[in-house]
Amino acid sequence: MRTRSWIGGGMLALSVGLACNALLGPLALDVIRYHFGASMTNQGIGLDAVTLLLVAPMAAIAGILTLRGRRAGRVLGLGPAAFAVYMVPQYVIGPVYDRLPGNNERFLLFHLALFVLGGAVFVAAWAAIDGRLPPESRLTDRRRVWVMAGVAVFIVLRWSPVVVALASGRDGGAAYRDNPTAQLLIAVLDLGLVVPATVAVAVGLWRGASWARKGAYAVIGWFALVPVSVAAMAITMQVRGDPDGSLASSLGLTVVALVFLVAAAALYVPLLAEANEPDARAENTWPRTAPATDAMATSAGASLPGGAVAPWQAAVRR
């Protein structure tokens, strides 16, 4: 019960923190002014909009379900927690502190708290998820494998031109010229963390590993949030007349985001359908086994001559 309260409360706190960060940034109040150029600021507005309208509510729903003892809450919370761990470092490391004006360094402790909270919620929720997760189908698992493999390939292909260009001493592109630090940070996160984690889960799911289905919820939950954010960034750049924005990029990323949202919905709907079922851990109590124990005792007692009651049977009945 205490663990459930900590995890649920942590998810609610994460929801409030992410919403506050979105509102305090360039999307609304502009209290936090990042050391970003115009293009990165436009992207930040799109990111904050998705955080406020999708990620924070998802974390809040996960927290409420968790506090009510529903397994779906802990699983649903993996996505927003992973999102926070992935995105928050970009707010801190990405800005160009030496050349552009801003004040986001004053909010370092706030962003650090969000990062730590996201990581703690993810680890705690992961550890608290027990039992087999739906859908219990090897065919469905194999389909998830191909989805995750496709995503890993997509990320690698997306970064390959930049990596090859930089490795050969050539220009890394407009986004790299605008903010090299932010671009390299995202490249390291995508290629050094997201792709290996996705491949590991896909391999585990293909081999039927017990942890892999839980990993699939985490990975696909992350996929449902981050591509939507990237699409929102591209759309915001297009709407605000950013010279680095393009209609083709906005449409392409929107299609990718919709594909991932549909894949995530197909994975999460069976789990959410059992949201009204009691928590598996709450059900696993001694009274559930007592009838079987009593039946065994009765059977053993009936086998004694004259229906005598064995001493251990009497102890069980007491």
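What follows draws every value from the coordinates through simple rules; no lab data is involved. Here the structure is a predicted model, which is why all the values come from computation and not from measurement. Reconstructed Cβ throughout: ideal geometry from the backbone, glycine too, with neighbour counts over all protein chains shown.
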For the chain, longest principal axis from Cα atoms; helix 38-50 axis from its Cα atoms; angle between them, nearest 10 degrees, is 20
Tell me the angle of helix 56-67 to the major Cα principal axis of the chain, expressed in degrees between 0 and 90 and rounded to the nearest ten. 10
Counting only helical runs of four or more DSSP H residues, what would the 222 nm mean residue ellipticity of the chain come to if each run contributes -39,500 (n - 2.57) and the total is spread over all its residues? -24000 deg cm²/dmol
Under a 5 Å amide H to amide H cut-off, with H placed in plane at 1.01 Å, what residues pair with residue 35 once short-range neighbours are removed? 96, 103, 104
Rounded to the nearest 20 debye, what is the charge dipole size of the chain about its Cα centre when +1 sits on each Lys and Arg Cβ and -1 on each Asp and Glu Cβ? 900
Kirkwood Rh, region 66-175, all Cα pairs: how many Å? 17.8
Could I have the simple spin-label model distance between residue 185 and residue 203, label points 7 Å from Cα toward Cβ, reported in nm to one decimal? 3.0
Toward the positive end of the charge dipole of the chain, about the Cα centre and with charges on Cβ (Lys, Arg +1; Asp, Glu -1), which of 174, 270, 118 goes farthest? 270
Going fewest to most other Cβ atoms within 10 Å around each Cβ, 64, 186, 7 line up as 64, 186, 7
Considering the alpha-carbon set of the chain alone, what are its Rg and its Dmax in angstrom? 24.8, 95
For peptides 195-202, 55-62, 252-259, sequence by mean Cβ density within 10 Å, most packed first: 55-62, 195-202, 252-259
List the residues of region 181-214 whose backbone N lies under 14 Å from a point placed 7 Å from the Cα of residue 163 along the Cα-to-Cβ direction. 184-199
Cβ neighbours within 10 Å, averaged per peptide: list 100-113, 74-87 in order, most packed at the top. 74-87, 100-113
Percentage, to the nearest whole number, of Cα pairs in region 191-278 over 16 Å apart: 64
In degrees, nearest 10, range 0 to 90: what is the angle between the Cα axis of helix 180-189 and the longest Cα principal axis of the chain? 20
Just subtract the alpha-carbon distance of residue 175 and residue 93 from 0.36 nm times their residue separation and send over the number in nm, one decimal. 27.9 nm
Expressed in angstrom and ordered largest first, the alpha-carbon extents of region 121-172 along the principal axes are 51, 30, 9
Starting at the first residue of region 227-243, write each ³J(HN,Hα) from the Karplus equation 6.51 cos²θ - 1.76 cosθ + 1.60 with θ = phi - 60°, in whole Hz, x for Gly and Pro. x, 4, 5, 5, 5, 5, 4, 5, 5, 4, 4, 5, 5, 8, x, 5, x
